[in-house]
1. Specify the residue that is farthest from ligand 2 (Cβ to nearest atom); the eligible residues are those in the range 56-67 that are part of a loop (DSSP other than H, G, I, E, B) and touching a helix residue (DSSP H, G or I) at 6+ places or on another chain (Cβ under 7 Å).
2. Restricting the search to the range 91-112, which residues are surrounded by fewer than 17 Cβ atoms within 10 Å (Cβ to Cβ) and out of contact with any helix residue (DSSP H, G or I) (no Cβ under 6 Å at 6 or more places or on another chain)?
3. Residue under question is residue 241, and the condition is that it be under 22 Å from the mean Cα position of the chain (by Cα), surrounded by fewer than 20 Cβ atoms within 10 Å (Cβ to Cβ) and within 22 Å of residue 78 (Cβ to Cβ); does it hold?
4. Take the residues of the range 1-55 that are free of Cβ contacts under 8 Å to residues at least 24 places away in the same chain and assigned to a loop (DSSP other than H, G, I, E, B): which is farthest from residue 280 (Cα to Cα)?
5. From the list 238, 219, which one is outside any loop (DSSP other than H, G, I, E, B) and on the phi > 0 side of the Ramachandran plot?
6. Return yes when residue 233 is at pLDDT below 95 and more than 16 Å from ligand 2 (Cβ to nearest atom) and no when it is not.
7. If you take the residues of the range 68-94 that are out of contact with any strand residue (DSSP E or B) (no Cβ under 8 Å at 6 or more places or on another chain) and not in a helix (DSSP H, G or I), which of them is nearest to ligand 2 (Cβ to nearest atom)?
8. Which condition does residue 290 not pass, out of (1) assigned to a loop (DSSP other than H, G, I, E, B); (2) in contact (Cβ under 8 Å) with a residue 40 or more places away in the chain, if it passes all the others?
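The values are calculated or read from the model by the stated rules, or taken from the named source; none is laboratory data. Quick caveat: nothing in here was measured; it's all calculated off a predicted structure. Positions of Cβ are generated from backbone atoms using ideal geometry, with glycine treated the same way; all protein chains shown enter the neighbour counts.
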Ligand code: SAM
Ligand code: SF4
């Protein structure tokens, strides 16, 4: 469906849980999430009805995210049913990778085509610091499992944090020579409670190129990412700049939170509830949300935090 500004909305990102087995400092508070009652969250059947209602309006691509989608007990069943919905052509998932050794095979078999994994550094101590509780070896086991499972595409996402992981850029980019993966660097977005980062932590994506003098433009872009490639690499380097050069004018996505709120823009407080509705009720609310999608996300920087009213783990990134 086309919104009031002529943007064709074809991509729905669904957060299946706010919970996570890590605690990344820019994403969620150390103590985790304040527990919502089970009855406030969408059930599996409601998620599938929402997918069907969205597909009836022209959504063709889904991405499951979180919190950490792989801590959701019924994630494989949700993916399988969503992939079978009429009109859905592609089901993707974003994960921190920790549970992939058990779940990569079942997810592939359920119809997940593409995986995004999150990794901000290849230094063990820094990984433990930024995730507060994570172990780099667990990420590596997850990446191995994903590579073996044979997904159509694997991308690794790094949030750029000035003063923290700039010097890790060459080593992260090297992953595109070691494995058939794309490595994407994403500007950190200032969420309402996303850690104690000062102005210097928010650096533009273009800084990545200072660390990769051999990277050459690929000449085509992949959705929101500007693509580059290192000599002899098996995958691309992607630069995603939601802050320094936003792509709101061609944004094709909406989001659904685990508690059933449609967010037509990641950084707007506008929310439309699907909880408790049937197919036609969800279709009506989705239409209203898409039609009213905000023109752009407004100023974002260390001084102008996101107006989303939620942290990233409560939206899905
Ligand atoms: N737990 C999964 C993971 O980490 O991949 C999925 C959910 S996580 C919220 C999705 C993506 O959002 C991750 O790649 C994460 O690095 C990114 N993210 C979280 N907080 C962010 C922020 N403040 N700015 C930019 N990206 C952020
Ligand atoms: Fe969890 Fe992903 Fe947020 Fe890290 S970025 S705390 S892994 S939801």
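1. The selected residue is 57.
2. Answer for the range 91-112, where residues must be surrounded by fewer than 17 Cβ atoms within 10 Å (Cβ to Cβ) and out of contact with any helix residue (DSSP H, G or I) (no Cβ under 6 Å at 6 or more places or on another chain): 102, 109.
3. Against the criterion (under 22 Å from the mean Cα position of the chain (by Cα), surrounded by fewer than 20 Cβ atoms within 10 Å (Cβ to Cβ) and within 22 Å of residue 78 (Cβ to Cβ)), residue 241 does not qualify.
4. 31
5. None of the others qualify; the one that does is 219.
6. no
7. By that ranking, first place goes to 72.
8. So residue 290 meets the others, but not (1).
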